[in-house]
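The values are calculated or read from the model by the stated rules, or taken from the named source; none is laboratory data. Bear in mind that the values here come from a model prediction, so they are computed numbers and not experimental data. When we count neighbours, we look across all protein chains shown, and the Cβ atoms used for this are built from the backbone with ideal geometry, even at glycine.
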Amino acid sequence: MKEQIAAVQRMQDYISEHMAQEITMSELAKVSYFSPWHSYRLFKEYVGLTPAEYIRKLRLSRSAVRLKKEGCPVLQAAYDAGFGSVDGYTRAFSREFGCHPGEYARDPVPIALFIPYGVKFRQLRKEQVDMENLQSVFVQVLRKPERKVIIKRGVRAEDYFAYCEEVSCDVWGMLTSMDSLCGEPVCLWLPEPYRTPGTSVYVQGVEVSLDDNGKIPDGFDVITLPAAEYLAVQGEPFKEEEYAQAILSVQYAIERYDPAVIGYEWDDTNPRIQLEPRGERGYIELRAIRKKATGLNQ
């Protein structure tokens, strides 16, 4: 089973590294170490898409990012994405995202970008985490302004995996297409006042300014969070296959840390915030703090 997962992951890695080139099933079979037929079957079984479908979705999503952020002409985006004509690209883009690429370039609306999750993470979730090799963490205090957060609620989820099972991991693609105050989507554990009956503690969303008037995707809610100080805890850079250990190291450090040493106390009236685990920067989690009351103020 592990070898099959490794084979599919090698195909995913090859696709990511060769997106600007033509990618054939024969080439994918070479990196998977299985026959083309078996490689195709394994990819479909573990990813849920054929290699061609996976490549098309990834190229369309990357082209959408270029249309929004680089002002790339539709013609150029079409050819760079491997389409032989603008018409073919336009039809594929419209089927994938529900809007014309030219319209999206002029007025980017939230769309569900394709996020190519590696299959190896499914296996990693089940592995035991070694508590004896915890890594160093880095701590700093930062202040977030009063802001709105556009969120997608779950049902009962209290963590990422349960949330993906309830809501689907595709939500992250939609959030990634939206502008955010901190430059990326966030995950939050909501205190009771920010929850609605029958919804999850754990949600995903994007932070936006109070005067943001952008389109709210169907099925999303908006909450307003007050200005607050946070303790940002960042772990060391990590290999992707060690992401579970990296997350646990930071969460373990937070649980053991006493903010009183810097004159603060935990403020659990504000959501705890999780950023996307990225190996090159380390895992980052934020927990709200407030100035610790002195004896004179009590």
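Being in contact (Cβ under 8 Å) with a residue 40 or more places away in the chain and either surrounded by 14 or more Cβ atoms within 10 Å (Cβ to Cβ) or among the aliphatic types (A, V, I, L, M) (or both) is the filter here, so list the residues in the stretch 14-28 that pass it.
Within the stretch 14-28, the subset in contact (Cβ under 8 Å) with a residue 40 or more places away in the chain is 15-16, 19-20, 22.
15, 19, 20 - these are the residues of the stretch 14-28 that are in contact (Cβ under 8 Å) with a residue 40 or more places away in the chain and either surrounded by 14 or more Cβ atoms within 10 Å (Cβ to Cβ) or among the aliphatic types (A, V, I, L, M) (or both).
Per the conditions (1) farther than 20 Å from residue 157 by Cβ; (2) touching a helix residue (DSSP H, G or I) at 6+ places or on another chain (Cβ under 7 Å); (3) hydrophobic (A, V, I, L, M, F, W, C); (4) without any contact (Cβ under 8 Å) to a residue 60 or more places away in the chain, the sole criterion not satisfied by residue 206 is (1). Inclusion of residue 240 among residues that are at negative phi and in contact with a Pro (Cβ under 7 Å, 6 or more places away or on another chain) is not warranted. Residues in the stretch 126-174 that are modelled with pLDDT under 90 and basic (Lys, Arg): 126 alone. Among the residues of the stretch 175-193, those identified as of a type outside the set (S, T, N, Q) and either surrounded by fewer than 21 Cβ atoms within 10 Å (Cβ to Cβ) or assigned to a loop (DSSP other than H, G, I, E, B) (or both) are 178, 179, 181, 182, 183, 184, 185, 189, 190, 191, 192, 193. Screening the candidates 241, 255, 265 for the property of being free of Cβ contacts under 8 Å to residues at least 24 places away in the same chain and either assigned to a helix (DSSP H, G or I) or under 18 Å from residue 191 (Cα atoms) (or both) yields one hit, 255. Meeting the requirement of 2 or more residues that are surrounded by 15 or more Cβ atoms within 10 Å (Cβ to Cβ) and β-branched (Val, Ile, Thr), the helices (runs of 4 or more DSSP H) wholly within the stretch 29-128 are 51-69, 86-97.
Being basic (Lys, Arg) and farther than 26 Å from residue 174 by Cα: is that true of residue 30 here? Yes, satisfied. For the stretch 225-234, which residues satisfy the criterion of being farther than 13 Å from residue 188 by Cβ and assigned to a strand (DSSP E or B)? Correct list: 229, 231, 232, 233, 234. If you check residue 2 against the conditions, is it surrounded by 15 or more Cβ atoms within 10 Å (Cβ to Cβ), farther than 20 Å from residue 173 by Cα and among the basic types (Lys, Arg)? It is false that residue 2 is surrounded by 15 or more Cβ atoms within 10 Å (Cβ to Cβ), farther than 20 Å from residue 173 by Cα and among the basic types (Lys, Arg).
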